[in-house]
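S.K.: Below you'll find the structure I mean.
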Amino acid sequence: MSTDHLEPAAIDLMLDDCTTWAVVGLSGDPGRTAFEIARLLQSRGKRVVPIHPRFATDDDTVLGEKGYATLAEVPFAVDVVDVFRRSSEAGRFADEAVAIGARGVWFQLGVVDSAAFERTVAAGVPMVMDTCPAIEWRRRG
């Protein structure tokens, strides 16, 4: 696979210019990587929106933010859809991100779906795949 999925301009757009991040797969388990990265995003001034199919009531919150079962349920604009799901399940979230008008899609380290990448970029939405915001911020110094 080429490194097009690590396009510096897409990484910069999402890390620097996007503030609202929907984190797909984020639950309230502090032992999960998604929780750690969501906390990092918050520490960097990002608003985190938890997305997990178990969220069904207004009482479902993670890191102080209301959770939603699907991206379509989020009642405000989402800048980045950050996906912590198996590669075999991730593509549908990229498609949903395009459908809700997200400005970018980020597939976490180990999450790879080349067909989803091609569809997303072809729809005009920048996408980053198989890396983590923590890694990219560290690369910047």
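S.K.: Using the 10 angstrom Cβ neighbour count as an exposure proxy, how do Leu13, Leu41 rank, fewest first?
M.R.: Numbers: Leu13 17, Leu41 23.
The fewest-first ordering by Cβ neighbours comes to Leu13, Leu41.
S.K.: Just to be sure I understand the model, the point goes 7 Å from the Cα along the line to the Cβ. What's the resulting Asp59 to Val112 distance in nm?
M.R.: 4.3
S.K.: Specify the residue with the greatest mean-square fluctuation among Ala123, Ala97, Ala34, computed from a Gaussian network of the chain linking alpha-carbon atoms under 10 Å apart.
M.R.: Result: Ala123 has the largest fluctuation of those listed.
S.K.: OK, next. Normalised by the number of residues in the chain, what is the relative contact order in percent for Cα pairs under 8 Å and 6+ residues apart?
M.R.: Computed value for the chain: 24 percent relative contact order.
S.K.: Taking 0.36 nm per residue of sequence separation and subtracting the Cα-Cα distance, how much length would be gained by fully extending the chain between Ala9 and Arg44, in nm to one decimal?
M.R.: On the way: separation 35, 0.36 × 35 = 12.60 nm, distance 1.88 nm.
That pair, Ala9 and Arg44, stretches by 10.7 nm at full extension.
S.K.: OK, next. Comparing Gly91, Gly67, Gly110, which has the greatest mean-square fluctuation in the GNM of the chain with Cα pairs linked when under 10 Å apart?
M.R.: Between Gly91, Gly67, Gly110, it is Gly110 that shows the largest mean-square fluctuation.
S.K.: For the chain, max minus min Cα coordinate along each principal axis, in Å, sorted largest first?
M.R.: So the three principal-axis extents are 42, 33, 25 Å.
S.K.: Relative to the longest principal axis of the chain, what angle (0 to 90°, nearest 10) does the C-alpha long axis of helix 33-43 take?
M.R.: It is inclined by approximately 90 degrees.
S.K.: Each residue of region 103-117 in turn: what ³J(HN,Hα) in whole Hz from Karplus with 6.51, -1.76, 1.60 and θ = phi - 60°, glycine and Pro shown as x?
M.R.: 7, x, 10, 10, 9, 5, 3, x, 9, 9, 8, 4, 5, 5, 4
S.K.: Still on this structure: So which residue, out of Pro50, Pro30, Pro75, gets the largest mean-square fluctuation from a GNM of the chain using Cα contacts under 10 Å as springs?
M.R.: Pro75
S.K.: What full-extension length gain, to one decimal in nm, is calculated for Thr33 and Glu89 as 0.36 nm per residue of separation minus the Cα-Cα distance?
M.R.: My answer for the length gained is 18.4 nm.
No lab work stands behind these numbers, since they all come straight from the coordinates. Just so you know, these numbers come straight off a predicted model, no measurement behind them. Reconstructed Cβ throughout: ideal geometry from the backbone, glycine too, with neighbour counts over all protein chains shown.
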